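> After the structure tokens below, expect a handful of questions from me.
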Amino acid sequence: MGSSNHLKRLAMPRSWPLPRKTTIWVTRAAPGAHALETCMPINVIIRDILGFAHSTREVRHILHNGLALVDGRICKDTRRGVGLMDVLTIGENNYRCILDIKGRLRYLPISAKEAAWKVCRVDGKTTIKGGKTQINLHDGRNILCDDAAEYNTGDSVKISLPSQEVIEHIRFAEGTRCFFTGGSHVGEFAEIKDHIIKRSSMPNEVQFETFGTTMENVFAVGKVSLPSSEVSE
């Protein structure tokens, strides 16, 4: 059995756009905000995806000199996962992680202005000590809110980086533009036509113009601009 720090390439998630038969091992992303299927370790991104380094040693040099930031904060862990909607900064270059039309993780260039924010999906709400409510976001963040009824599961928030202040509240409602994170339409955009809530163990469904999907595949983005995900190479 291999090290917990590594993963066999043949067993790595299908969302990782890497060749499977070049070497035996690949770095495993450390447990954190994102599931293994929705993120890649920063070591692999810098070395194999973006090509800023030729070895892990060179990646460590970049990280230890404070040249790499994830969501506006300096990262020095080579196994730190960079996942869906995260902003990665290497020197003067900024990238946002999204999924392409084949469901693979892509780190696409964005401007410095776009790197100052990110969109997070509300996956739930929790009442904490003192009766306050915090909203639980898809990337592991928890943000306190004054009005618990203001936010619902499925909504999204646009937050500033790295301060995490809410800039915009994107409601999960009819007419809202959404990005698909799963299903046969992954990587595409469409506007909500109807939301079907199942009063059973079946997952809730969302209807669009010509198709429907389960709610877990839908990420509300509203009018927020995202880099083109029409990448299939």
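Bear in mind these aren't lab numbers, they're just calculated from the coordinates by the rules spelled out. Bear in mind the structure is a predicted one, so any value in this text is a computation, not a measurement. Neighbour counts run over all protein chains shown; Cβ positions are idealised from the backbone, glycine included.
> Give me D for the stretch 116-170 in µm² s⁻¹, whole number, from Stokes-Einstein with Rh from the Kirkwood sum over alpha-carbon pairs, 25 °C and 0.890 mPa s. Provide the component values of the computation, followed by the final result.
Working: Rh = 11.2 Å.
For these conditions, the coefficient is 220 µm²/s.
> I've got another one for you. Using the 10 angstrom Cβ neighbour count as an exposure proxy, how do 215, 40 rank, fewest first? Numbers along the way, then the final one.
Details: 215 16, 40 27.
Ranked by crowding around the Cβ, least crowded first: 215, 40.
> Any lysines with Cα under 21 Å of the residue 125 Cα? List them, leaving off those in the same chain fewer than 8 positions away.
158, 198
> Another one. Report, to two decimal places, the Cα Rg of the stretch 1-123 normalised by 2.2 N^0.38 Å (N = number of residues).
On the way: Rg = 13.8 Å, N = 123, 2.2 N^0.38 = 13.7 Å.
So the stretch 1-123 has a normalised radius of gyration of 1.01.
> Listed highest first by mean packing, meaning other Cβ atoms within 10 Å per residue, what order do 7-14, 102-109 come in? Mind dumping the intermediate values first?
Values: 7-14: 14.1, 102-109: 18.0.
My ranking of the peptides, most packed first, is 102-109, 7-14.
> Connecting C-alpha atoms closer than 10 Å in a GNM of the chain, tell me which of 184, 200, 163 has the biggest fluctuation.
200
> I've got another one for you. Looking only at 16, 117, 25, which one moves most when the chain is put into a Gaussian network model with springs between Cα atoms under 10 Å?
Per the Cα network of the chain with a 10 Å cutoff, 25 tops the list.
> Here is a further query. Taking the Cα centre of the chain as origin, work out the dipole magnitude from +1 charges on Lys and Arg Cβ and -1 charges on Asp and Glu Cβ, in debye rounded to 20.
On the way: 31 positive and 26 negative charges, 213 e Å.
That gives a dipole near 1020 debye.
> Another question about this same structure. Report the one residue of 87, 68, 202 whose Cα lies farthest in the direction of the positive end of the charge dipole of the chain (charges on C-beta: Lys and Arg +1, Asp and Glu -1; origin at the Cα centre).
68
> Can you give the charge dipole size of the stretch 116-170 about its Cα centre, rounded to the nearest 20 debye, using +1 on the beta carbon of Lys and Arg and -1 on the beta carbon of Asp and Glu? All intermediate terms of the calculation are to be shown ahead of the outcome.
Numbers: 7 positive and 8 negative charges, 42 e Å.
Dipole magnitude for the stretch 116-170 comes out near 200 debye.
> Using bins 10 angstrom wide from zero, how does P(r) for the stretch 177-220 break down, in % of all Cα pairs?
31, 58, 11
> Among 116, 140, 156, which residue has its Cα furthest toward the positive end of the charge dipole of the stretch 116-170, with +1 on Lys/Arg Cβ and -1 on Asp/Glu Cβ?
Checking the options against the dipole of the stretch 116-170, the answer is 140.
> Using C-alpha positions alone, give me the convex hull volume of the stretch 147-213 per residue in cubic angstrom.
On the way: hull volume 8.6 nm³, N = 67.
So the per-residue Cα hull volume is 128 Å³.
> How much space per residue, in cubic angstrom, does the convex hull of the C-alpha atoms of the chain take up?
Details: hull volume 36.6 nm³, N = 233.
Normalising the Cα hull of the chain by residue number yields 157 Å³.
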